[in-house]
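Contents: one structure, followed by commentary.
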Amino acid sequence: WRTVLLNLMDLWGVGKRNVFRTIWHLLWRPGHLMYDFLRYKHRAYFPPVPLLVATCLLFTLLVNIFNIKWSQDLDQVYEIHNTVEKTKADVDKTMGVQDVPMTAEEQLEEKQLEETLNKQMMSLEELLKAERQWSRNHMDYSLVISTRLFILLASWIFYQSPRIQLSIVESFYVQIYIACQMMLIAIPYTLINGEITESSWLPYPLPSFLAFAILVFDYYQLCGYSLWGTIWRLIAMVCVYILVGTIIGLILTVR
């Protein structure tokens, strides 16, 4: 039985690599771990892809066991906004009829214009809401797409960094390790918070400011830029990511 257990562990790379040591380094010195892994010290750490699969499975298992739901803040904002806009439109319409007499033709034109504008605004809001809901319902596809996009952007922005020049392949392993790190931090955060807090502009179940701070910490250790040099490069990368990711998400949602 000991031999069987070791063989099963070797399938995942656990037998000769300490997963707990990898998690410890991933939380406290992630940039140095990624640098060591990329510089051919593979046997010292647990491989990133199996670790990501394991952390995602653990996160999903805990969420289902404790029946944890997504944060409803975004949906509440949409509902409040729609209610306010509807009330404002009703008030404007009532005041317009009482104070400023208009001909039937002018009233018809104003009503048609108002309906057109409201439909356009509602269509955009509903489309963005549907895109966010699609990302929630298809978390696997969303993470795959967002991770690939991050890989391309990171290899472009940090290609000439002082400490390491990230190629696309190396950026792939970096992003997988970062995703593992985010999920490891998201597990206790979600259990304590009691709900899955979705980032507004990053593909992780963490608050945006916390996820961005983690990215700064990772790339500051990994690439060797100054703190400010790391921050402004990440801001540029996130802005491009938001633009391209939103376009891709809207296309997938419409289809």
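The values are calculated or read from the model by the stated rules, or taken from the named source; none is laboratory data. Computed from a predicted model, the values in this text were never measured in an experiment. A quick note on method: Cβ atoms are made from the backbone with ideal geometry, for glycine too, and the neighbour counts reach across all protein chains shown. Accessible surface is based on the protein model in full, side chains and every heavy atom, while ligands, DNA and RNA are left aside. Shrake-Rupley method; radii C 1.70, N 1.55, O 1.52, S 1.80 Å.
Quick notes
- Check on TRP201, without any contact (Cβ under 8 Å) to a residue 24 or more places away in the chain and open to solvent by 40 Å² or more (accessible area, probe 1.4 Å): no
- First in the range 148-161 and touching a residue at least 24 places away in the same chain (Cβ under 8 Å), second anywhere and surrounded by fewer than 19 Cβ atoms within 10 Å (Cβ to Cβ) and among the hydroxyl-bearing types (Ser, Thr, Tyr), Cβ under 8 Å, 6 or more apart: SER161/TYR225
- Condition check for ASP36: of a type in the set (Asp, Glu) and at pLDDT 75 or above: yes
- Residue that is touching a Lys or Arg at 6+ places or on another chain (Cβ under 6 Å) and not small (Gly, Ala, Ser), where the choices are ILE157, ILE164, ILE185: ILE157
- Among residues of the range 204-220, those that are of a type in the set (A, V, I, L, M) and open to solvent by 10 Å² or more (accessible area, probe 1.4 Å), counted: 4
- Residue that is part of a helix (DSSP H, G or I), open to solvent by 60 Å² or more (accessible area, probe 1.4 Å) and under 28 Å from PRO47 (Cα atoms), where the choices are LEU152, LEU243: LEU152
- The range 168-194, residues that are free of Cβ contacts under 8 Å to residues at least 40 places away in the same chain, touching a helix residue (DSSP H, G or I) at 6+ places or on another chain (Cβ under 6 Å) and open to solvent by 10 Å² or more (accessible area, probe 1.4 Å): ILE168, PHE172
- Close Cβ contacts (under 7 Å, 6 or more residues apart or on different chains) running from residues in the range 35-52 that are farther than 19 Å from SER161 by Cβ to residues that are buried (at least 19 other Cβ atoms within 10 Å of the Cβ) and among the aromatic types (Phe, Trp, Tyr) comprise TYR45/PHE37; PRO48/TYR177.
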